[in-house]
Amino acid sequence: MHEVYTYSNASPSRITPEGTLADLRVAVQPNLAVRGWPCEAGSRALSGYTALQDATVVARLVKAGAVLSGSSRMAELGFGLAGDTSARTLVDGHADVALITDTMGEVRLAAAGSGLFGLKPTHGLVSRHGLAGLVPSMESIGLAAADPRMIAEILAVMAGADPDDPSMPDDCTAGFSAAPPSGTESLTAGVIEESLSSLDPEERLAFDAGTACLETAGVTIQTVNLADYGLFKDVHHLIAAVEASSSAGKFDGVRYGHRSAVGKNWNDMYLNTRAESFGPLLKPFLFQGAYFQFERYLAFENACRLRCRLVRAVDDLLGKVDILVLPTRRPASDPAQAATIQATYAVFALTLPASVTGHPALQVPNPGVAADRDTGLQLIGRRLDDGRLLAIGQHLSSAAREGR
Amino acid sequence: MTYEAVIGLEIHVQLNAATKLFCDCPNRPGDAPNRNVCPVCLWLPGSLPRLSQEALEKAVLACLALNCTIQNESAFDQKVYYYPDLPKGYQLSQHHKPLARNGWVDIVGADGGLKRLRIHHIHLEEDVAKLVHETEGRTPISLVDFNRAGTPLIEIVSEPDMRTPHDAMEYVKALRAQLRYTGSAECSLEQGTLRVDANISLRPAGTEGLNTKVEVKNMNSIHNVGDAIAYEIVRQTECLEKGEPIVLHTRLWDPERRVTAPMRAKFEGPCVPDPSVAPIVVTDAWLEGIRGRLPEMPARKSARFMETYGLTPDEAAAMSAERDLSEFFESVVAQDLPPRKTAGWIVSQLIPALRDRNQGIGQTHLTTERFAGLLDTLEKEIINTQSAREILVQLLDSPAALEEIIQNGGFRQLSATGDLETLVDGVLADHAADVADYRNGNPKVLGFLMGQAMKASQGKANPKVLKALLAERLG
Ligand SMILES: [Zn+2]
């Protein structure tokens, strides 16, 4: 228990025992504010920091009757999954749903590693108020669970307009309905040819077995092309690093968190505090962001332009097919393997596209292979089509159960 | 060689919105330290900025008053630099997409002609916290007061159209008058609610093109703006004549020594679009609503005062310079008082009295009714001018009724011929030699005798009656 949680709720009590989420146990990461709980986000920069108020999603879940079981361990400020125990809370039976911030694919890969469903909702559908984040334009509070219906129900409570997060786009304020959308039959799914090039033959076989199951379930599979597919990684890396550098600028030891004991004046205090606050993975990432921000601003602007181009390209594909299907690769369980930025990006290579474009993406356990095999399926939908993805996931999982 | 100065001003104006720019904290930087703070303006993790509608409206009103075009879409950027006065590590400002562009104000140039000075753009931004560096024993300590952090500012960036200190001072005055009219800002250089940074460069007279500029900060009065620019023009001219190159840097005006001195270079960071504040999208209908709230501006009001009330250009300009005073004037005139006389009293008596007190009309006990009553009593010769001046002071300072003040002060003027006859006879008897002098043909003595008689009445004699009596008695 101690290994899994950084804080565990000793007195779980429900405010609304008959709410729609009554008795549902939810694990959070310590970057999500729960009033009175430590909110250190896996970083020394926030050491000793306790949340003053509930994040909007936390308040909504508790009001709907959910019980917070505790907060798990996480990688520093949610960059990657090194040391993350979110999925373990589910596997070990401590929680029914885990909220996992997805910036480069964390909720999807955490789910992929544990045979679970993991949804990164449409960016902007869920309030970020109370999320001690790092990359505002890419991160979403994701949901992992064994049952896609449970994800839909909890997303319906979490989503929708929040006066404390005016950054939510207008089309997101109506929220999300847990009822599955009609017309899930006779769908077309596009497989991006360029996304398969990194798979080895065994992985390719597993992926094909997965798409075959989709066909069996009535989904027409079609190969599509995305010439710019190779740009996702660099665009994500550059923009995420710049945003991270900006948003980590607040960690200065002046108001909260770690403050260095050494230094002759405020400037020394400032520099030493920041030097001591960030870990060996995040620090170079912040340096990279600062470098592009200060020295190569035009490269950053170009990356932003390319990002718009990538959003349009994915939207165009989703005009021809109903969903896109990409493979996922289970992350190595050894956190040391993700100790460099390069290695981290390699692990998340397959999940970066939806983080760059903001489209909803659902990790689905591959019904075509044994549960402990590596290659999973990732369904990407149109903006705000999160419900359709969950319905397809549900359909696949019941078909797989019946087939067994 | 003669040089011509090229001057551009960057002016920060504090908006007087009730709250800060991105949270609901009171916009009162002067309160006890760190009283007006919340998770948003302290930028605690998980906070998100919420743009104040009131601040936005006041900013737009200010931009319209300065003849700017409001942009259909504007957006916030993060101006990155690391200093403890910035809780976010960046300042939210509008760099790439400002709120408004292409404005102007008119000034009267040194040659007396009208000169139009262009405004490049106006953007919204948040102010930073206040730092106090002290020592505790021998240890340097730095204290931060976040009350000011996040309070709303607009920055008005001019085109480099100014050529002289006169231009710059008139520009600041004109801009301040327009902004005060909108009610969006107080605009006091002395209190720091209007801060002027001047960019000054020189070029050979008659040439075009812009040379390396020097920025001057820290001028806390209009006169300091003029003096600092004048000093900087002389300093740069001397540099050029000695063959020293001008390097881009920032200088601080020292009001004690009356010189500018270089300040340590501040790190200028990049501006990255902020992903969390939604862009400001302005619709025509919304903008028309704000435009409808724009008051009649000073230039138009001045013209109307000349036409409607027959004021001279000087009087009209004085009566329209400040919105509260112009409204005071019109309201007094509406109570059937002669406009020019009212304007004269406001200029010669009321404005100096307010200046002595360092108060606005609203901070005194004077109302338009009380002021109109005073002028009316004067018109009806119940009191004389001397008494009216003294009564005005009391009307400003105490809530007592006009009648009561006149009664208690014994200000009612002596007009009864009988009383004044006795008084005049006494004075003439006391000054027999002067009377003889007058009768021998020295008319100047009349003024002296008049003064003595007025003194004998303790200043309350009706001067007209008194003069007539004196003339009659002296034959
Ligand atoms: Zn605040």
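The values are calculated or read from the model by the stated rules, or taken from the named source; none is laboratory data. As the structure is a prediction and not an experimental result, all values here were calculated from the model. Virtual Cβ from ideal backbone geometry, glycine too; neighbours counted across all protein chains shown. These accessible areas exclude ligands, DNA and RNA; they are computed on the full protein's heavy atoms, side chains included. Shrake-Rupley method; radii C 1.70, N 1.55, O 1.52, S 1.80 Å.
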Chain A, relative contact order in percent, only Cα pairs under 8 angstrom and at least six apart counted: 19 percent
Probe 1.4 Å - accessible area at A:Val325, Å² to nearest ten: 0 Å²
Protection-proxy order for peptides B:348-359, A:25-36, B:229-240, each taking the mean of Cβ atoms within 10 Å per residue, highest first: A:25-36, B:229-240, B:348-359
Two-decimal ratio, the protein assembly as shown, of alpha-carbon radius of gyration to 2.2 N^0.38 Å: 1.29
At 0.890 mPa s and 25 °C, Stokes diffusion of region B:69-199 via Kirkwood alpha-carbon radius, µm² per second: 145 µm²/s
Loop-located trypsin sites (Lys or Arg not before Pro) in region A:283-319 whose Cβ has at most 16 other Cβ within 10 Å (DSSP): A:Arg296
Cleavage-rule hits, trypsin sites (Lys or Arg not before Pro), region B:435-475, DSSP coil, Cβ neighbours within 10 Å at most 13: B:Lys444
Solvent exposure, largest accessible area first (probe 1.4 Å, DNA, RNA and ligands not counted), of A:Asp165, A:Asp92: A:Asp92, A:Asp165
Within a Gaussian network of chain A (alpha carbon springs, distance under 10 Å), most fluctuating of A:Ala189, A:Ala240, A:Ala299: A:Ala299
Inverse mean reciprocal Cα-Cα distance (Kirkwood Rh) of region A:1-73, Å: 12.4 Å
For B:Trp104, solvent-accessible area (1.4 Å; no DNA, RNA or ligand), Å²: 80 Å²
Region B:317-378: projected area of the alpha-carbon convex hull, averaged over directions, in nm²: 3.9 nm²
Average beta-carbon neighbours from other chains, 10 Å sphere, peptide B:268-281: 5
Inter-chain Cβ neighbour average for residues A:245-254, partner chain, 10 Å: 6
Mean Kyte hydropathy of -1.0 or more with a Cα span along the axis of at least 20 Å, helices from DSSP in chain B: B:165-182, B:222-241
Computed log₁₀ I(q)/I(0) - Debye formula, equal Cα scatterers, no solvent, chain A, q 0.06, 0.11, 0.15 Å⁻¹: -0.22, -0.76, -1.45
Peptide-level mean, for B:49-60, of C-beta atoms on other protein chains within 10 Å: 1
Tensor-based shape of region B:199-313 (alpha-carbon gyration tensor, a/c under 1.5 rounded, otherwise prolate or oblate): oblate
Point-charge dipole on Cβ atoms (K/R +1, D/E -1) for chain B, about Cα centre, debye to 20: 380 debye
Ordering of A:138-145, B:132-139, B:317-324 by packing [mean C-beta count within 10 Å, highest first]: A:138-145, B:317-324, B:132-139
Simple Cβ-charge dipole of the protein assembly as shown, Lys/Arg +1 and Asp/Glu -1, about Cα centre, in debye nearest 20: 780 debye
Accessible surface, 1.4 Å probe, highest first, among residues A:Cys308, B:Cys25: A:Cys308, B:Cys25
Region A:1-138: mean projected area of Cα convex hull, nm²: 7.7 nm²
Eligible lysines near B:Lys115 by straight Cα distance, threshold 22 Å, same-chain separation 8 or greater: B:Lys173, B:Lys301
Region B:330-432: equivalent-ellipsoid semi-axes (sqrt of 5 x gyration tensor eigenvalues, Cα, Å): 30, 15, 13
Filtered trypsin sites (Lys or Arg not before Pro), region B:255-298: DSSP coil and at most 16 other beta carbons within 10 Å: B:Arg257, B:Arg258, B:Arg264, B:Lys266, B:Arg293
B:Val259 long-range amide H proximity, modeled H, under 5 Å: B:Asp254
Heavy atoms of A:Lys63: accessible area, 1.4 Å probe, square angstrom to 10: 150 Å²
Projected area, mean over directions - region A:245-404, Cα convex hull, nm²: 13.2 nm²
Positive-end residue, the protein assembly as shown charge dipole about Cα centroid, Cβ charges, pick of A:Thr351, A:His237, B:Ala230: B:Ala230
Most positive-pole-ward Cα, B:Gly344, B:Val216, B:Ser188, against dipole of chain B from beta carbon charges: B:Val216
Shape of region B:122-215, Cα gyration tensor, a/c cut at 1.5: oblate
